[in-house]
Amino acid sequence: MRFLDRADAGRRLAGALLKYRDERPLVIALPRGGVPVGAEVAGALGAPLDIWIVRKVGAPGQPELGLGAVAEGGATWVDRELAAAVGVGAEELEALCARERKEMDARVQRLREGRLPPDPRGRTVIVVDDGIATGGTAHVALEALRARQPRKIVLAVPVASPDALARLSPLADGVVCLHAPELLGSIGSAYMDFQQVSDAQVQQLLERHRDGAPASVAAPHETHVELSAGSVTLAWTLKVPANPRGIVLFACASRADGSAREPFLASVLHDRGLATLAGELLTPDEARLDDFTGAWRTDDRLLALRLAIATRRVAADHVLGKLPVGYFGIGAGAAAALSAARERDSAVRAIVCAGGRPGALDRLDGIGAATLLVVGGADTELLELNERAYARLGGERALVVIPGAGRRFEERGALAEVGRLAAEWLLQHLPGGRRRRMQPSAGNGFAWV
């Protein structure tokens, strides 16, 4: 098992912790890496989020080798056998602990900003980190929290070594771990994106989840939706993760045009915390005729109108209507997505177009949504059209070319790269996203931004 990032790990972990929701738990994350994971758990459970500040005591010259840990409140844990094995004596070990206590006190000042630590007395406490290798920081945190008389302590992590779990299990009333490989080289190896978490991110997440506001969507669900578009009815699938960050409507004319790629791409977005509404903009009868004439898929106005109808249906929903909206256009649906986003009352904030014709160039300069164009480098005709469209788009935009890929991205790894790029773009440009320069995977693509 490998996680996309800490938020993805937190959403998956939250699904295994839903049974504690009725106990009105307190989620305590170990900063800094545990906070993005804990934020997803707290949001799914409707629980308040707080932190317990701990510091690893690293070996001299080997800071990743934990000889012990210190926690706020005075708790200390050391592995004297390991310290002796690497030549660290008792006095040096104490000096290392004292140094980390000083750094921990400074971090308490930065992160707590004068607030008192959480009071776990009599409560179910879920202790969350982004992973456990040796278990030193988790050990000292569990001991410190146990001394404050909670009703129950549950240790919850996405990944951990089996040995560490065995040592920590007696300190908790329950342990939830999604992945415990026999050989865990490092916590970061379990993540595709394991960027360092800043103090500012920690404070932002704490502020957002401090009061434990109930989640807008308590648990993931999937349902089938019928959309009436004039005289026809379109059947689409709505997938909503717990606490969605936004909703993405797929624009695809028909299965022959590329909707066979939709389920995979929708699953990538869903795993990153985005709700998806996916289906075909043509009815089965229209699609069959289109196979012979190609007339339906080139009717940008018709397809855009149907996409706009689906968008209004989302806006009218009492929960989904509060989410920021994005479009994902595939094949002929690319022009429909761009055309629908150009409407004066469009609420679309971000668009991804993959392997599609952008449509009439003179209609592109009125699009305000941030737009990502993805095209295969082997399709020179489509690449030229997308380059022209990129030059005409008036808002924030990017063009990413996947070398060697064709129009349908059927080459090995190509469609996965499309999904990754799309997820990053949408999460960055929907409200509340963290802005970051577009970076294709090494060797897989290049971009104009």
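The values are calculated or read from the model by the stated rules, or taken from the named source; none is laboratory data. A quick note: this is a predicted structure, and the numbers were derived from the prediction, not measured. For neighbour counting, all protein chains shown are included, and Cβ atoms are generated from backbone atoms with ideal geometry for every residue, glycine included.
Some notes on this structure:
- Of the helices (runs of 4 or more DSSP H) contained entirely in the range 270-353, those carrying at least 3 residues that are buried (at least 20 other Cβ atoms within 10 Å of the Cβ) fall at 300-316, 333-341.
- Any hit, the range 127-136, residues being surrounded by 12 or more Cβ atoms within 10 Å (Cβ to Cβ), assigned by TED's automatic domain parsing to the domain that holds Arg151 and part of a helix (DSSP H, G or I): yes
- Scanning the range 302-322 for residues that are under 18 Å from Ala336 (Cβ atoms), touching a residue at least 24 places away in the same chain (Cβ under 8 Å) and not aliphatic (A, V, I, L, M) returns Arg306, Thr311, Arg313.
- Flag for Arg397 being buried (at least 20 other Cβ atoms within 10 Å of the Cβ) and charged (D, E, K, R): yes
- Qualifying residue in the range 169-181 (condition: at pLDDT below 90, over 19 Å from Val127 (Cα atoms) and out of contact with any Asp or Glu (no Cβ under 7 Å at 6 or more places or on another chain)): no
- Residues satisfying the stated conditions in the range 4-56, i.e. on the phi > 0 side of the Ramachandran plot and either in contact with an Asp or Glu (Cβ under 7 Å, 6 or more places away or on another chain) or among the basic types (Lys, Arg) (or both): Arg24
- Filter result for the condition that a residue is closer than 30 Å to Leu4 by Cβ, out of contact with any Ser or Thr (no Cβ under 6 Å at 6 or more places or on another chain) and in the same structural domain as Ala42 (by TED's automatic domain parsing), over Leu168, Leu67: Leu168
- Looking only at the range 6-32, and only at residues there that are under 19 Å from the mean Cα position of the chain (by Cα) and over 16 Å from Cys177 (Cα atoms), the one that is surrounded by the fewest Cβ atoms within 10 Å (Cβ to Cβ): Arg32
- The single residue among Arg12, Arg32, Arg2 that is within 30 Å of Pro241 (Cα to Cα) and modelled with pLDDT under 85 turns out to be Arg2.
- Subset of the range 111-121 (residues that are surrounded by fewer than 13 Cβ atoms within 10 Å (Cβ to Cβ) and of a type in the set (D, E, K, R)): Glu113, Arg115, Asp119, Arg121
- Test for Asp105: is it within 27 Å of Leu178 (Cα to Cα) and not hydrophobic (A, V, I, L, M, F, W, C): no
- Criterion: in the same structural domain as Pro431 (by TED's automatic domain parsing), over 27 Å from Gly10 (Cα atoms) and modelled with pLDDT of 85 or more - qualifying residue of Leu282, Leu265, Leu274, Leu269: Leu282
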